[in-house]
1. Assuming R0 = 45 Å, what is the FRET efficiency of Leu124 and Asn68, from their Cβ-Cβ distance, to the nearest 0.05?
2. Amide H neighbours of Tyr51 under 5 Å, counting only residues 5+ apart in sequence or on other chains, H built in-plane at 1.01 Å?
3. Diagonalise the Cα gyration tensor of region 7-143 and give the resulting equivalent ellipsoid semi-axes, square root of 5 times each eigenvalue, largest first, whole Å.
4. With viscosity set to 1.567 mPa s and temperature to 4 °C, compute the Stokes-Einstein D of region 42-119, Rh being the Kirkwood radius across alpha carbon pairs; µm²/s, no decimals.
Amino acid sequence: MEITANEGENLIPSQENVRSLGLHEETRVVDCSYATFENIARSEINGIYLYYKIPKNWVYKEEGKPSNIKQLYQRYHQCDDFKVGADLDFMLRYLNRKEEFEAVGSYFRNRRMAEYEEHPEGYLEICNERRGKMEGDIGRMKLTTLLDDHPGRRGWKQFLLRAGMTMLSLVFAALIRVQNGVTSHLTNITYIT
């Protein structure tokens, strides 16, 4: 994934990239920054169950109730592709194509919130798998470096030695990438590790 100021912008392109490689993704666990209404709507409509931790301040959205989805769908009754007697799945897909992301995303977010309320331990277990399986070495490099480990000896010289070793290891990783013809994202630690 490309890393930007708004990480959520890259969720759907990354899913499309996975699909272009011939892989079928069923579930993705993400941070809350990715859980926008548009990302939730587009992921779920494309058959990817999106899991994210539910913040305490989230509330059920009225726009996501099935009755409100039906009411919103009826606003498009004059369109050529409107279908009389459509089921909820068709309505959600239709509204997603019409970019009614808040309503569609609210529907799926409300379902995740209900799932969390019914089985909080099971839901959190799914969310916590991300840390162990998806972060791996990248997470270790992002969260802990030689500077974060217990240095053993104190002092300015030891600090400079550890800082230099950390920087040197990242420079070597970048040089290995250049040797292998990879010249993009050399300043981003996520790509180097």
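1. Details: r = 29 Å, r/R0 = 0.64.
Between Leu124 and Asn68 the formula returns 0.95.
2. For Tyr51, the qualifying residues are Arg28, Val29, Val30.
3. The answer is 30, 18, 12 Å, longest axis first.
4. Values: Rh = 13.2 Å.
In µm²/s, the coefficient rounds to 98.
Every number in this text was worked out from the coordinates using simple rules, so none of it is lab data. These numbers were taken from a predicted model, which means no experiment stands behind them. No Cβ is skipped: glycine too gets one built from the backbone with ideal geometry, and neighbour counts run over all protein chains shown.
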